[in-house]
1. Inspect the range 39-51 for any residue being modelled with pLDDT of 90 or more, basic (K, R) and more than 17 Å from R109 (Cα to Cα) and give the result as yes or no.
2. Across the range 90-115, what is the number of residues that are open to solvent by less than 40 Å² (accessible area, probe 1.4 Å) and modelled with pLDDT under 80?
3. If we scan the range 54-71, do we find a residue that is of a type outside the set (F, W, Y), part of a helix (DSSP H, G or I), modelled with pLDDT of 90 or more and over 16 Å from R109 (Cβ atoms)?
4. When the range 96-112 is examined, which residues are found to be touching a residue at least 40 places away in the same chain (Cβ under 8 Å) and not aliphatic (A, V, I, L, M)?
5. Collect the residues in the range 4-53 that are of a type in the set (D, E, K, R) and assigned to a helix (DSSP H, G or I), keeping them in residue-number order.
6. Evaluate the following for F30: is it closer than 22 Å to Q96 by Cβ, of a type in the set (A, V, I, L, M, F, W, C) and either open to solvent by 30 Å² or more (accessible area, probe 1.4 Å) or touching a strand residue (DSSP E or B) at 6+ places or on another chain (Cβ under 9 Å) (or both)?
Amino acid sequence: MYNDMGLGWTKAANDAIATVSKTQKITHIFSDLNGEPYRADQFGFTLLRISDRLESNWERYTPALVTGDVGTATALVHVALSANLLRQVEGEQPKQTHLLLFSSDDHLRAALVLGM
C-alpha cells in the first residue's frame, strides 16, 4: 500500500490553491478517503501543511464511502457536488472556496479549487 505521508496531496493542493488570491481561504474540502486509513493519514498531513490557507471554521465533505470506487469519475462526482453546493449559496456572504482532493490506489493525487 502506498503512503507518502501526504506529500502528493500537499503538492496538488498547494498547486490548486496557488490559483486563487492569497487572501481567499478554503471554506470546504471534498475528498475521497474511501474508508482507507492510509488516505486518512495523507489527508491529515496535507491539512497540517496547508492550514494557513484554511478558514478557521472550514468544513470537510466525504460525500459517500463509495465515491472512491467510482474510479476516474470520482473527480466529476465531487465537482458536481461542490458546484451544486456553490449554486445553492450563491449571493450569500461569506463567499465559499472549495478544495477538492482526489486520489487513486497508486501514488497519483490531484486537487482542484472551485469558488463563487
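1. no
2. Total satisfying the criteria: 1.
3. No - not one qualifying residue is present in the range 54-71.
4. Q96, T97, H98, F102, S103, D105, D106, H107, R109
5. Those that are of a type in the set (D, E, K, R) and assigned to a helix (DSSP H, G or I): K11, D15, R39, D41, R49, D52, R53.
6. yes
The values are calculated or read from the model by the stated rules, or taken from the named source; none is laboratory data. Keep in mind it's a predicted model, so treat the numbers as computed, not measured. Note that each Cβ is placed from the backbone with ideal geometry, even for glycine, and that neighbours are counted across all protein chains shown. Surface accessibility is based on the protein's heavy atoms, side chains included, excluding ligands, DNA and RNA. Shrake-Rupley method; radii C 1.70, N 1.55, O 1.52, S 1.80 Å.
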